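Chemist: There's a structure below that I have some questions on.
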Amino acid sequence: MTTTAFAFLVAAYLIGSLSFAVIVSRLMGMADPRSYGSGNPGATNVLRSGKKLAAVLTLLGDGIKGWVAVALTQWLGPRYGLGEQAVGMAAIAVLVGHMWPVFFGFKGGKGVATAVGVLFGFNLWLALAAVATWLFMAVVVKISSLSALTAAVLAPVYAFFIVGPHSVYFGSSIIIAILVVHRHKSNLIKLLTGQEGKIGEKADGSARNGSGGQ
């Protein structure tokens, strides 16, 4: 790996390390999302606080950073002799940054929104297929984790047909799916035991009023 390629990976990781669930919550005077609900710094858990705007901003922020890491590498990479492989590696790096952020004690989210942002950077139709899968499952089962897991597992299948089995993006989508499933281990256990919460369920009162361990 060249020094330039390594620099792009580090930049992508640092972009991913910007945990918008924590950032937005602090700016809006809310409790740290790691202190209530599932403890996951992501849009679904922020929604449990009852603050819909905060959840939307978290979702957008985490998604956009995934797209930005991919788009910047696609745009600037060729100027430094970097190709599609560097883009695929940057996509994985930004997701790793979200899951294990250096700015927040390596305690990050589960990567769904960031993964979707990455897919938008790869291919519009690939991203839309994954989003449609999540939305369909969310409407039917109303369980965010199951919706995310289904979309993550099917994303490589969509990539196989949309970008092709020989594309770097197909390989990256497989690694992304593995990472997302890995981060949902606890959710899988809850799903199997019937303890997983539904989308929009609120946390306790301390989280909603901002006193849950900011």
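The values are calculated or read from the model by the stated rules, or taken from the named source; none is laboratory data. Everything numeric here is computed off the predicted structure, so don't read it as measured data. Virtual Cβ from ideal backbone geometry, glycine too; neighbours counted across all protein chains shown.
Chemist: Residue check, L82 against (1) assigned to a helix (DSSP H, G or I); (2) within 17 Å of F122 (Cβ to Cβ), all met but one. Which one?
Modeler: (1)
Chemist: A follow-up question, please. Could you say which residue among A69, A93, A127, A86 is of a type in the set (A, V, I, L, M) and within 19 Å of T150 (Cβ to Cβ)?
Modeler: None of the other options fit; the residue is A127.
Chemist: For the condition among the basic types (K, R) and either within 21 Å of L9 (Cβ to Cβ) or in contact (Cβ under 8 Å) with a residue 60 or more places away in the chain (or both), what is the one hit in K107, K142? Reasoning before the result, please.
Modeler: Details: K142 fails: either within 21 Å of L9 (Cβ to Cβ) or in contact (Cβ under 8 Å) with a residue 60 or more places away in the chain (or both).
Of K107, K142, the one residue that is among the basic types (K, R) and either within 21 Å of L9 (Cβ to Cβ) or in contact (Cβ under 8 Å) with a residue 60 or more places away in the chain (or both) is K107.
Chemist: For the stretch 100-121, give me each residue that is more than 15 Å from the chain's Cα centre (by Cα) and either among the polar types (S, T, N, Q) or crowded, with 18+ Cβ neighbours inside 10 Å (or both).
Modeler: F104, the sole residue that qualifies.
Chemist: When you scan the stretch 19-58, how many residues do you find that are part of a loop (DSSP other than H, G, I, E, B) and small (G, A, S)? Let's see the steps before the verdict.
Modeler: Initially, the stretch 19-58 is screened for residues part of a loop (DSSP other than H, G, I, E, B), giving 19, 28-32, 36-42, 48-51.
In the following step, the residues that additionally are small (G, A, S) were identified as 19, 29, 31, 37-39, 42, 49-50.
The number of residues fulfilling the criteria is 9.
Chemist: Does at least one position in the stretch 128-139 carry a residue that is hydroxyl-bearing (S, T, Y), crowded, with 18+ Cβ neighbours inside 10 Å and either over 18 Å from G61 (Cα atoms) or modelled with pLDDT under 95 (or both)? Steps first, answer last, please.
Modeler: In the first step, residues of the stretch 128-139 are kept if they are hydroxyl-bearing (S, T, Y); the result is 133.
From what is left, the residues that are crowded, with 18+ Cβ neighbours inside 10 Å are 133.
Checking the rest, the ones that are also either over 18 Å from G61 (Cα atoms) or modelled with pLDDT under 95 (or both) come to 133.
Yes, because at least one residue in the stretch 128-139 is hydroxyl-bearing (S, T, Y), crowded, with 18+ Cβ neighbours inside 10 Å and either over 18 Å from G61 (Cα atoms) or modelled with pLDDT under 95 (or both).
Chemist: Any chance the stretch 129-136 includes a residue that's closer than 23 Å to N45 by Cβ, touching a Pro at 6+ places or on another chain (Cβ under 9 Å) and in contact (Cβ under 8 Å) with a residue 12 or more places away in the chain?
Modeler: No, there is no match, as no residue in the stretch 129-136 is closer than 23 Å to N45 by Cβ, touching a Pro at 6+ places or on another chain (Cβ under 9 Å) and in contact (Cβ under 8 Å) with a residue 12 or more places away in the chain.
Chemist: Right, here's the next one. More than 27 Å from L128 (Cβ to Cβ) and buried (at least 23 other Cβ atoms within 10 Å of the Cβ), is that true of S35? First the steps, then the outcome.
Modeler: Working: more than 27 Å from L128 (Cβ to Cβ): yes; buried (at least 23 other Cβ atoms within 10 Å of the Cβ): no.
Judged against the criteria, S35 is not a match.
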